[in-house]
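For reference, the structure discussed in these notes is given below.
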Amino acid sequence: MKKFIAGLGLAAVLGATAPATAGQDNPFQCEEGETYVMNVMVSGVEYWFPVYEMFKQAAQQMGCKTVYTGTPEYDVNKQLASFEQALAKQPAGILLHPMNSDPFIEPINRATEMGIPVVTFAADSPNSKRVSYITSNNVSEGKYAADAVAEAMDGKGKYAVLENPGQDNHDVRVKSFIARMEEKWPDMKLATRAASNQDPTKAYNAVQSMAQAHPDLGAIFMPEANSALGAAQAAKELGGKIKIMHADVNAKMLDLIKAGEVFGAVNPNQGVQGYMGFMMLWLANHSDLIDPMNDYKSAGFNPMGVPYLDNGFSIVTAANADDFYWDKYLKRRGTKGINE
């Protein structure tokens with residue numbers, strides 16, 4: 001079921017460009033060797049792959065090159081190092097998922113000063129000079145997840161949350177989930193919460209402890225899929241009565257959703273995130289294509305900046321889970337995924 005897809009009208013931006021000059025029939029083409037980078041943390045997480053797939057496709061359609069970079073670890077310092085390595089190669093632009101907001105302020109600002117635009121996706125660094133930000137509406141994701149869980153529990157019972165404090169988009173999802181319960185479902189009570197930090201083992205142990213302390217626990221929400229894997233295993237061992245609701249999907253979680261061992265998930269539209277993420281990055285690097293009537297020249301900001309673009313999200317259940325398998329999608333497309 002498709003939810004909350006907003007259009008910001010980038011087509012209007014594309015349609016407002018200056019007329020092509022002689023010998024330049026199509027201004028929307030890259031120069032030879034023009035390369036754009038995508039940078040993430042925990043680079044082996046399946047979530048990033050469909051994002052990069054459409055980032056790459058948009059680039060190929062415009063004659064550009066792309067590189068997938070990041071750190072395989074959940075470590076902000078190591079992601080910062082990978083960002084610096086990418087920056088040193090002076091790419092045309094960087095699509096960045098910052099693990100934490102503030103540590104990336106200085107590197108993003110420095111990239112901007114070097115003439116390398118940075119667009120953030122799925123998590124933001126709002127106090128930096130990043131030019132644009134694309135994400136699903138994390139507030140809406142938390143609300144829809146809360147409503148789904150509460151309705152399944154007839155609006156009454158205990159729930160818990162697992163979280164990853166400090167990761168912006170995850171914090172917003174959790175905060176929104178809890179706020180929605182308090183606002184709309186007063187008989188749904190928050191029993192406890194724990195930090196799992198995307199670690200399935202920590203999540204498994206936390207759920208075991210939660211259930212021991214609260215035998216009548218009815219549901220647990222977490223803002224990502226890795227923790228959900230451990231939580232689902234614990235819930236199964238505890239009799240399968242605890243509903244596991246999470247954000248983002250991967251093949252293992254989809255299998256569990258189809259098997260009825262996980263209640264469901266919210267999943268951002270990764271393809272739009274990657275495709276439009278590239279478009280905003282390319283436009284930021286070619287800001288001379290637009291001359292809007294505003295103060296961009298005197299104020300010194302990029303006229304192609306888009307403060308926020310909503311890429312939408314889906315609610316994943318057993319009924320539509322087959323549409324979200326990465327391996328099937330990659331086979332259908334016939335590409336090499338992140339390896340090209």
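Throughout, read-outs are computed from the coordinates displayed, never taken from laboratory work. What you see is a predicted model, and the numbers here were worked out from it, not measured in a lab. For neighbour counting, all protein chains shown are included, and Cβ atoms are generated from backbone atoms with ideal geometry for every residue, glycine included.
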Alpha-carbon centroids, the stretch 256-279 and the stretch 291-308: separation in whole Å: 32
Loop by DSSP (not H, G, I, E, B), at most 15 other beta-carbon atoms within 10 Å: where is the longest site-free stretch of the chain for trypsin sites (Lys or Arg not before Pro)? 242-335
Take every Cα-Cα pair in the stretch 113-198 and report what % of them are more than 23 Å apart. 34
Out of Asp248, Asp102, Asp124, any idea which swings most in a Gaussian network model of the chain, alpha carbons joined below 10 Å? Asp102
For the chain, what does -39500 (n - 2.57) per DSSP helix run (n ≥ 4), summed and divided by total residues, give at 222 nm, in deg cm²/dmol to the nearest 500? -12500 deg cm²/dmol
Eligible lysines near Lys297 by straight Cα distance, threshold 25 Å, same-chain separation 8 or greater: Lys129
Determine the shape class of the stretch 55-150: with a ≥ b ≥ c the square roots of the Cα gyration tensor eigenvalues, call it rounded for a/c under 1.5, and otherwise prolate if a/b is greater than b/c, oblate otherwise. prolate
DSSP beta bridges in the chain: the antiparallel percent, rounded to 5, is 15
Gap in Å between the Cα centre of the stretch 34-108 and the Cα centre of the stretch 312-330? 24
Please work out the Cα center distance from the stretch 119-137 to the stretch 183-250, rounded to the nearest Å. 29
What is the sum of charges, Lys and Arg at +1 and Asp and Glu at -1, for the other residues whose Cβ falls under 15 Å from the Cβ of Gly93? +2
Would you mind checking the pairs Lys202/Lys336; Lys65/Lys331; Lys143/Lys243; Lys175/Lys243; Lys158/Lys184; Lys258/Lys331 and listing those with alpha carbons more than 24 angstrom apart? Lys202/Lys336
Lys and Arg at +1, Asp and Glu at -1: add these up for the other residues within a Cβ distance under 15 Å of Val67 and post the number. 0
